[in-house]
Amino acid sequence: MSKSSSKSIDHAAPILKALVIHPARPLRGQAALEARDPNARLEEAVGLAVALDLNVVEALVAPLRVVTPATLFGKGKVEEFAAICEVEHIDVAVFDDQLTPIQQRNLEKALKVKVVDRTGLILEIFARRARTREGRLQVELARLDYERSRLVRTWTHLERQRGGTGSTGGPGETQIEIDRRLIAGTILKLKKELEEVRRTRTLHRSARKKVPYPTVALVGYTNAGKSTLFNRLTEAEVLAKDMLFATLDPTLRTVKLPDGRPAIMSDTVGFISDLPHELVEAFRATLEEVQEADVVLHVRDVANPDSEAQARDVETVLSELGVTFDEGKTVVEVWNKVDLLSEDDREIVEGQARRNDASAVSAVTGEGCEALLRRIAGLIDDSPPVEVSLAAQDGQALAWIYRNGRVLSRYDGPGGEVTLVARLDAQALGRFERQFPGAQVSALFSVVRPAELRVSRP
């Protein structure tokens, strides 16, 4: 083959044209009051399709008054979708709903294109984005659990016939039964591997508790700005894009709190409404970081008109995982993206944030982030303050306190001696007293610092 002809070969995957349909089901009562706007749901579904590199050429909200068991929609609507697919040369039809295996197969026959439902779309995105071994295991487990119900009876030509002398018998084990058995075996194997991952995570958490560093977990709706805020607070470089599910694998970094010891911050996978139950179960190991965290930051996109509904969806998924906000868990709502609001709307939102004890921030510009760090430091430092007196030559002990505690105030004497008022948790205080027996440590029964002490840093 010549060089010129080899250059003309395009090895890139073709861009598929997509039709996105959001079925608007009729709702009544409280469900209707709390329901998200159908156009917002459609926009989210388009975002999911774009995240999968599909070229969305048509998107529409289709009212669904009566559910048809065979095709979800009635005959007229299905014919309308088929006409759009033919005219626009559609390759993939995305239904923003959960389809049964029969509905998916019948729609593919009627539309003559590939049909994907919401669950399949999210699973495909997760499969592409997962990078770590744990993430790939969890996605593969969820995908197999989903596909197990999609096996339909289309392999009868591969049925095994029972043998035996003088016996014609009926069909033996069919191909579909073989497939199901193989999938069940693979699922069992993946669950065992995930149990090992869960055990390893438990060991890592036990090791961190011995340090001990407090832990802060970020949760929130997908595209709420968690990764951008994570990068801002920890000075990390985690991928952050204006895209649904830009990051999937959990990331842990150290964050330096004002005048205090470091904490460990974890960035978890974003949630979404109607999250497939297969994924909720599969990512249980990852989200255990949220269950074990000392402080949970619930990041919300206040510039999104559906912010309230998104917050309810996050709380629903967390409750499914056993993380509830009324069981002593310290949860701080972080209202992100205030920089996208108009001046008038921003004043209203910031006033509401103060009344609701929320922190209004902009992860992009950094506004409110220092105040958020100070708030986190105050929440995790619940140990009583102690006064520590150090001689001029005790520089190592002084540095140790700054690394492992939170210094509230400091007084430098004329002879080089230093007096600190600091917060050290019980384990850190015990280690300090064993490592530096010459230091004078006394408990303070009031958090009010002496007037002669001034706040400073070494």
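The values are calculated or read from the model by the stated rules, or taken from the named source; none is laboratory data. Note that the structure is a prediction, hence the values are computed from the model and not measured. Neighbour counts run over all protein chains shown; Cβ positions are idealised from the backbone, glycine included. What goes into the accessible areas is simple: the full protein's heavy atoms, side chains included, and nothing from ligands, DNA or RNA. Shrake-Rupley method; radii C 1.70, N 1.55, O 1.52, S 1.80 Å.
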Could you sort out which of Lys77/Lys114; Lys114/Lys189; Lys17/Lys109; Lys17/Lys77; Lys114/Lys226; Lys75/Lys114 sit more than 28 Å apart by Cα distance in this structure? Lys114/Lys189; Lys114/Lys226
On a full-extension model of 0.36 nm per residue, what is the gain between Glu196 and Ile84, subtracting their alpha-carbon distance, rounded to one decimal in nm? 35.5 nm
Gain in span if fully extended, Arg65 to Glu292, counting 0.36 nm per residue against the direct Cα distance: 77.3 nm
With all protein chains present, segment 48-135 has a carbon and sulfur share of its accessible area (1.4 Å probe) in percent of 53
Rounded to two decimals, the Debye log10 I(q)/I(0) of segment 36-113 (Cα scatterers, no solvent) at q = 0.23, 0.24 Å⁻¹ is -1.28, -1.37
Computed FRET efficiency, Cβ-Cβ of Arg355 and Thr254, R0 45 Å: what is it to the nearest 0.05? 0.85
Please give, to one decimal in nm, the separation of the simple spin-label points placed at Arg131 and Ser442, each 7 Å out from Cα toward the Cβ. 5.3
With θ set to phi - 60°, apply the Karplus curve 6.51 cos²θ - 1.76 cosθ + 1.60 along segment 107-112 and write out the HN-Hα couplings as whole Hz, x wherever there is a Gly or Pro. 5, 5, 5, 6, 8, 6
Potential lengthening between Arg148 and Ala392 on full extension [0.36 nm per residue; Cα-Cα distance subtracted]: 80.8 nm
Carbon and sulfur: what percent of segment 324-420's accessible surface (1.4 Å probe)? 46
